[in-house]
There are 2 protein chains.
Amino acid sequence: MSINELPLLEGARVPLASDPLTEIEAAALAHVFKALADPVRLRLFSLIASRAGGEASVLDLAAHFDVTQPTISHHLKVLRESGLIDSERRGTSIYSRVRPQALAQLAMLLMPGEAAS
Amino acid sequence: MSINELPLLEGARVPLASDPLTEIEAAALAHVFKALADPVRLRLFSLIASRAGGEASVLDLAAHFDVTQPTISHHLKVLRESGLIDSERRGTSIYSRVRPQALAQLAMLLMPGEAAS
DNA sequence: CCTGAATATTGACTGAAGTCAATAAGAAGA
DNA sequence: TCTTCTTATTGACTTCAGTCAATATTCAGG
């Protein structure tokens, strides 16, 4: 379930506070927030985003953490499946980059008065 | 741990994608996102926010869900302790309202290029 | 005070999620 | 193809989080 598939985001109309969320919408949104609700994933995300070039390999990223490489792979998968990052294989490494639309969509959802079509 | 105590939000300077989060910052932020990472809490939040008058009692809210009243109380507590809502007792009921600053702060964090002091 | 109404707390259960060690899979180079 | 480097998957363990039933707390009215 990726952020792209959120029905309320496709219409880009409903900030969180202007209309009650349906159960479906809430479940989809919760899934995205859950992806951001882990310290390691948040640091991964901001590490990737603030890299010169905007991308980083798994081992590059793993070097910044105390957890093992499989754990980093797991967290990247969660971010990827939520539509927050993209990954591209080049040679033997896999480079991840953030999807700028993702953050913008979330921000629009939170920000009252930003609901443009 | 409330959203007000986030060090990076007090300075209001760092969008998520411009600088790597420290472990401390990431832990604090994750705590806030975790509060939004549940379908019931998301619906509670948007229900309260979209109410005429901007507030609702626990029983009012509970009527919209399949879960029990203690569960609603629990979720409201989580939202309150994350700084996303405020609660005020009036008579025998307790009315919750959203804290508008909370959403705005989060949105600023996500939105690139919105970092004003 | 006693009763009734609204909300909170406690304790227990259950399923989800983060982590690791071990191993597999994919790609590049000799 | 064999080896090495990088990443992914599997299975097990453990902690955390959502939920409920039962009970406690707080307040208003009579």
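The values are calculated or read from the model by the stated rules, or taken from the named source; none is laboratory data. Given the structure is predicted, the values throughout are model-derived calculations rather than measurements. Positions of Cβ are backbone-derived with ideal geometry, glycine not excepted, and every protein chain shown enters the neighbour counts. Each accessible area value is taken on the protein alone, full model and side chains, heavy atoms only, with ligands, DNA and RNA left out. Shrake-Rupley method; radii C 1.70, N 1.55, O 1.52, S 1.80 Å.
Sorted from shortest, what are the nm distances separating the label point of A:ILE24 from equivalent points in the other copies, each placed 7 Å from Cα along Cα to C-beta?
Between copies, matching label points for A:ILE24 lie 4.5 nm apart.
Put the label 7 Å from Cα along Cα→Cβ for A:LYS77; what are its distances to the other copies, in nanometres, shortest first?
Label point to label point, same position, other copies: 3.5 nm.
Report the accessible surface area buried between chains B and A, summing both sides, using a 1.4 Å probe on protein heavy atoms only, in Å² rounded to the nearest 100.
Chain pair B/A: roughly 2700 Å² of buried accessible area.
Towards the positive end of the charge dipole of chain B, with charges on Cβ (+1 Lys, Arg; -1 Asp, Glu), say which of B:ALA107, B:ALA63, B:LEU44 has the farthest Cα.
So the residue we want is B:ALA63.
So which lysines pass the test for A:LYS77, namely a Cα distance under 28 Å, with those fewer than 8 places away in the same chain ruled out?
Leaving aside lysines fewer than 8 places away in the same chain, those within reach of A:LYS77 are A:LYS34, B:LYS34.
For chain B, set up a Gaussian network in which alpha carbons nearer than 10 Å are linked by springs, and say which option among B:SER46, B:SER87, B:SER73 fluctuates the most.
Sorting by GNM fluctuation, first place goes to B:SER46.
At B:GLY54, with labels set 7 Å past Cα in the Cβ direction, how many nm apart are the copies from this one, shortest first?
3.8
Considering only B:LEU42, B:LEU76, B:LEU84, give the residue with the highest GNM mean-square fluctuation for chain B, with springs between Cα atoms whenever their separation is below 10 Å.
Comparing B:LEU42, B:LEU76, B:LEU84 in a Gaussian network model of chain B, the most mobile one is B:LEU42.
Nothing charged except the Cβ atoms of Lys and Arg (+1) and of Asp and Glu (-1): what's the magnitude of the dipole of chain B about its Cα centre? Round to the nearest 20 debye.
The calculated dipole for chain B is roughly 400 debye.
Enter the per residue convex hull volume of the stretch B:3-110, computed from alpha-carbon coordinates, in Å³ rounded to the nearest integer.
So the per-residue hull volume is 102 Å³.
How high is the FRET efficiency between A:SER18 and B:ILE24 when r is their beta carbon distance and R₀ equals 45 Å, given to the nearest 0.05?
Plugging the Cβ-Cβ distance into 1/(1 + (r/R0)^6) gives 0.85.
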